[in-house]
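For reference, the structure is listed below as structure tokens.
The values are calculated or read from the model by the stated rules, or taken from the named source; none is laboratory data. In this text the structure is predicted, and so the values were computed from the model without any measurement. Note that we place each Cβ from the backbone using ideal geometry, even for glycine, and neighbour counts take in every protein chain shown.
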Amino acid sequence: MYTIELNKRQQKIIEIVKDNGPITGEQIADQLDLTRATLRPDLAILTMAGYLDARPRVGYFYTGKTGSQLLTEKIKKIKVAEFTSMPVVVQDSATVYEAICTMFLEDVGTLFIINKNGHLAGVASRKDLLRASMGKQEINSIPINIIMTRMPNITYCFKEDYLLDIAHILIRKQIDCLPVVKRSDDESGFDVVGRITKTNITKAFVELAHDELL
Ligand code: ADP
């Protein structure tokens with residue numbers, strides 16, 4: 001496993017706890033001919049990573065979880081809030097030309113369109129804009145709200161949602177991006193507060209691999 005490389009001593013500690021748990025840090029240290037202080041960082045790592053469980057005044061238990069089970073648990077816990085990016089929005093009164101300029105300037109693949117109340121009204125992807133540019137009509141005269149995918153057909157998510165669920169949605173719906181929204185104070189719509197794309201999910205994937213504590 002790449003996720004957590006246990007050193008020899010940590011592996012030995014796991015074996016001792018497996019065979020003798022519950023066992024105190026002092027007793028583990030005795031078995032290894034080391035001091036409790038020397039072991040402290042290893043015990044902290046093993047507990048934080050989920051291999052061991054520590055109960056006050058009882059000692060350490062082996063949780064019985066493998067590295068891949070712990071990794072799965074960790075993936076399932078990641079929330080949208082941890083990886084969301086800044087949303088890029090345009091007004092529904094903007095033209096397709098202006099939307100294309102915004103897409104280039106902000107370097108994003110999907111724009112969110114908001115109405116005059118500032119609430120989510122639609123989504124425009126790269127291909128939506130390409131398609132609009134291929135028609136006979138001048139892109140300077142086509143409003144973005146004619147060509148966007150509109151509410152209520154927008155798939156959105158909330159900061160508290162799990163990233164893994166969003167990954168499933170992106171695959172199932174074959175889209176690149178979801179707006180992260182918050183119900184507006186007057187409950188009449190959704191405010192756009194973030195953006196989750198396939199790139200954010202790739203970042204989460206890479207970060208998991210670099211996270212030494214799993
Ligand atoms: P592209 O069209 O550039 O390949 P997508 O695959 O993300 O980009 O978009 C495909 C279609 O789905 C587009 O018409 C777009 O408007 C629409 N779309 C994109 N994101 C969403 C979303 N979150 N909810 C609803 N429709 C979306």
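If only residues of the range 175-184 that are within 6 Å of the ligand (Cβ to nearest atom) and outside any strand (DSSP E or B) are counted, the one that is farthest from Phe83 (Cα to Cα) is Ile175. When the range 135-150 is filtered for residues that are out of contact with any strand residue (DSSP E or B) (no Cβ under 6 Å at 6 or more places or on another chain) and either within 9 Å of the ligand (Cβ to nearest atom) or of a type in the set (D, E, K, R) (or both), the ones remaining, listed by number, are Lys136, Glu138, Ile147. Considering Leu130, Leu120, the condition of being in contact with a Phe, Trp or Tyr (Cβ under 6 Å, 6 or more places away or on another chain), within 15 Å of the ligand (Cβ to nearest atom) and not basic (Lys, Arg) is satisfied by Leu120 alone.
Scan the range 94-111 for residues that are over 13 Å from Ile139 (Cα atoms) and either near the ligand (Cβ under 9 Å from one of its atoms) or more than 22 Å from the chain's Cα centre (by Cα) (or both) and jot them down. Explain how you work it out, then say what you get.
Going through the range 94-111, the residues over 13 Å from Ile139 (Cα atoms) turn out to be 102-111.
The answer is Thr102, Met103, Phe104, Leu105, Gly109, Thr110.
A Cβ distance below 6 Å, combined with a sequence gap of six or more or placement on separate chains, defines the contacts here; from the range 141-153, residues that are modelled with pLDDT of 95 or more reach residues that are assigned to a loop (DSSP other than H, G, I, E, B) and among the acidic types (Asp, Glu) in the pairs Asn145/Asp92. When Tyr156, Tyr162 are checked against the criterion of being more than 13 Å from the ligand (Cβ to nearest atom) and closer than 24 Å to Lys79 by Cα, Tyr162 stands alone in meeting it.
Would the range 157-173 turn up any residue that is farther than 30 Å from Gln10 by Cα, more than 20 Å from the chain's Cα centre (by Cα) and assigned to a loop (DSSP other than H, G, I, E, B)? Steps first, please.
Within the range 157-173, the first condition is being farther than 30 Å from Gln10 by Cα, and the residues that meet it are 157-173.
From what is left, the residues that are more than 20 Å from the chain's Cα centre (by Cα) are none.
Checked against the condition, which is being farther than 30 Å from Gln10 by Cα, more than 20 Å from the chain's Cα centre (by Cα) and assigned to a loop (DSSP other than H, G, I, E, B), the range 157-173 yields no hits at all.
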